[in-house]
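Notes to accompany the following structure.
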Amino acid sequence: MKDGMLLVEHTPQLSILNKEIAEAVSRMNGPETVPLEPFAEVAGDTYRFGYRAIGVNDYVFAVEVPIQIVEQTVLTRASLTVGIGLDGTVIPHLRWSHAANTIPYPPTHLEALDVLVRRAVNSENLRMEEATVSDLNSLLQRLECSISLVKDAISQISNEPITPV
């Protein structure tokens with residue numbers, strides 16, 4: 001630290017100007033540099049990003065950014081899509097666009113379609129969502145259409161009769 005500034009090279013090492021850190025580093029691998037590892041963590045109502053010296057518990061450099069700013073920035077560049085596996089598993093996908101690239105992130109939580117339907121039509125959820133008979137009829141129509149599509153797909157790949165569920 002020099003005049004409140006931390007000197008950082010564009011390498012995985014940092015010039016050490018802080019006496020305490022320099023002493024810890026000299027015990028590790030020399031008095032001038034220390035290998036660093038990046039980190040990110042939640043710290044109260046902020047995200048903390050920075051670098052930690054390998055082998056030292058304290059961070060060497062950190063920036064705290066309010067959670068709202070980080071999440072707003074991430075979400076403005078993200079889109080959520082949902083897919084369905086052939087076994088009825090609903091698969092959410094978060095896509096984050098950075099410049100011209102779209103980076104898909106693997107799904108974090110998978111649910112079966114019937115589990116989602118069960119959750120949607122349980123009595124507590126129906127009450128909370130103030131569901132109407134019209135809403136449930138629309139859901140039923142979509143599910144019946146989906147069943148028809150699956151039956152058509154089965155008949156296309158198999159000569160066996162379709163067993164009703």
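Return only the number of the condition from (1) on the phi > 0 side of the Ramachandran plot; (2) open to solvent by 80 Å² or more (accessible area, probe 1.4 Å); (3) at pLDDT 80 or above that residue 3 does not satisfy.
Checking residue 3 against (1) on the phi > 0 side of the Ramachandran plot; (2) open to solvent by 80 Å² or more (accessible area, probe 1.4 Å); (3) at pLDDT 80 or above, the one that fails is (3).
Limited to the range 59-72, what total is found for residues that are open to solvent by 40 Å² or more (accessible area, probe 1.4 Å) and part of a strand (DSSP E or B)?
5
Just to confirm my filter: which helices (runs of 4 or more DSSP H) fall fully inside the range 112-159 and include at least 3 residues that are without any contact (Cβ under 8 Å) to a residue 24 or more places away in the chain and open to solvent by 80 Å² or more (accessible area, probe 1.4 Å)?
Values: elements: 113-120, 123-128, 133-157.
Here the list reads 123-128, 133-157.
State which residue is modelled with the lowest pLDDT when the search covers only the range 97-106 and only residues that are under 30 Å from residue 150 (Cα atoms) and surrounded by 10 or more Cβ atoms within 10 Å (Cβ to Cβ).
Kept after step one, since they are under 30 Å from residue 150 (Cα atoms), are these residues of the range 97-106: 104-106.
Okay, now just the ones that are also surrounded by 10 or more Cβ atoms within 10 Å (Cβ to Cβ), so 104-105.
Details: 104: 62, 105: 66.
So the residue we want is 104.
Considering each of 94, 17, 75 in turn, give the residue that is open to solvent by 60 Å² or more (accessible area, probe 1.4 Å), assigned to a strand (DSSP E or B) and at pLDDT below 85. Outline the logic, then answer.
Details: 17 fails: assigned to a strand (DSSP E or B); 75 fails: assigned to a strand (DSSP E or B).
From the options 94, 17, 75, the qualifying one is 94.
The values are calculated or read from the model by the stated rules, or taken from the named source; none is laboratory data. Remember, predicted model here, so these are calculated numbers, not experimental data. Glycine also receives a Cβ, built like all others from the backbone with ideal geometry; neighbour counts cover every protein chain displayed. Heads up: the accessible areas ignore ligands, DNA and RNA and are worked out on the full protein's heavy atoms, side chains in. Shrake-Rupley method; radii C 1.70, N 1.55, O 1.52, S 1.80 Å.
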